[in-house]
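Visitor: Once you've had a glance at the structure underneath, I'll fire off some questions.
The values are calculated or read from the model by the stated rules, or taken from the named source; none is laboratory data. It should be emphasised that the depicted structure is a prediction, and the values quoted were computed from it without experimental measurement. Heads up, the Cβs are rebuilt from the backbone with ideal geometry, glycines too, and the neighbour counts pull from every protein chain shown.
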Amino acid sequence: MKHDLHIRGFAFGLRPLTVEDAEFIVELRSDRYRTRFLHPIPASVEAQRAYVLQYFERPGDYYFVVERQGENSREGLVAIYNANLEKGTADWGRWILRPGSWASVESALRVYETAFDHLHLDEIRSQTYCDNKQVVSFHDRCGVPRHGILRGYYKVDEISIDVVEHVLTRGDWPRVRQLMEPLAKKIAERLQD
């Protein structure tokens, strides 16, 4: 969905995806190792341009570029999707960062901020492949409650994939923010040195 949400942070922020970001999507999503836990995409810039144009027409889908502020360098991608503003729910994912990026904590923090403070959602969910232990652990360390394991949630090349679902509610958001914000600030300070 074409939107105009620009979320600023300590060192990293979120800005709306544009057609001009198609090449960046291909660059990030062409690394087989880094994308082994994401749905495969066509690896052509033209196909991604077409995808972005279709995305602009899809309601309830907020796709962002994660940027390093001040430098406006693109660090990664993330999305809030399946947003149902009436029910107050959404999912988040399509999260991928450049190798060596320091944006993980703050980009997740900004996703939650967008969900609760800008879209006024009551709940946001993420589904992570069970085998993606690093990201499952990340959500756990951030204090986002596990909702459970969803068996066969995705199907990729006829293979059923189990996922761990984490659910953050509006009631838990202040506690999670208190855990994540100091770390995001510390990373921002380190990057300024």
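Visitor: Would you mind telling me which numbered condition in (1) modelled with pLDDT under 95; (2) within 27 Å of ASP157 (Cα to Cα) GLY70 fails?
Guide: That leaves (2) as the condition not met.
Visitor: A further question follows. Looking at segment 136-152, can you tell me whether even one residue there is among the β-branched types (Val, Ile, Thr), under 18 Å from ALA108 (Cα atoms) and not in a strand (DSSP E or B)?
Guide: yes
Visitor: Evaluate the following for LEU17: is it over 26 Å from ASP172 (Cα atoms) and touching a residue at least 60 places away in the same chain (Cβ under 8 Å)?
Guide: yes
Visitor: Follow-up question, since we're still on this one. Please specify each residue of segment 108-150 satisfying the condition of being out of contact with any helix residue (DSSP H, G or I) (no Cβ under 9 Å at 6 or more places or on another chain), hydroxyl-bearing (Ser, Thr, Tyr) and farther than 18 Å from THR169 by Cβ.
Guide: SER137 - this is the single residue of segment 108-150 that is out of contact with any helix residue (DSSP H, G or I) (no Cβ under 9 Å at 6 or more places or on another chain), hydroxyl-bearing (Ser, Thr, Tyr) and farther than 18 Å from THR169 by Cβ.
Visitor: Collect the residues in segment 1-41 that are modelled with pLDDT of 95 or more and of a type in the set (Ser, Thr, Tyr), keeping them in residue-number order.
Guide: THR18, the sole residue that qualifies.
Visitor: Which condition from (1) over 21 Å from ASP31 (Cα atoms); (2) outside any helix (DSSP H, G or I); (3) touching a Lys or Arg at 6+ places or on another chain (Cβ under 6 Å); (4) among the hydrophobic types (A, V, I, L, M, F, W, C) is the one that VAL163 breaks?
Guide: (3)
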